[in-house]
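One structure below.
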Amino acid sequence: MAQVAVFCGNCDRGCPTLYVDEAAPADQRVVLTDDFGQRVRMSAEPFRSPAEEATAGRLDHV
């Protein structure tokens, strides 16, 4: 898996991380881990929407 981003605050358990797993089936290539090590796998399509929103600046208020 290739690490794409780490969403880290000041935590002592690890940080939520975004990966892309090119070896996985297409519907499981995007991998999000939480700060407890749990994983969510999804296709790129559902992840595309929040990525576009962030790029457009529509999440800047968060």
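This table checks each residue for (1) part of a helix (DSSP H, G or I); (2) among the charged types (D, E, K, R); (3) in contact with a Leu (Cβ under 8 Å, 6 or more places away or on another chain); (4) at positive phi.
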{"residue": "Ala5", "(1), (2), (3), (4)": "no, no, yes, no"}
{"residue": "Gly14", "(1), (2), (3), (4)": "no, no, no, yes"}
{"residue": "Val40", "(1), (2), (3), (4)": "no, no, yes, no"}
{"residue": "Ala54", "(1), (2), (3), (4)": "yes, no, no, no"}
message: Give me the residue from region 42-52 that is small (Gly, Ala, Ser) and in a helix (DSSP H, G or I) and, out of that set, modelled with the lowest pLDDT.
response: Ala51
statement: Among residues of region 20-62 being under 13 Å from the mean Cα position of the chain (by Cα) and among the basic types (Lys, Arg), the residue nearest to Asn10 (Cα to Cα) is Arg39
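The values are calculated or read from the model by the stated rules, or taken from the named source; none is laboratory data. Predicted, not measured: the structure shown is a model, and the values here were computed from it. Every residue, glycine among them, receives a Cβ derived from its backbone with ideal geometry; neighbour counts consider all protein chains shown.
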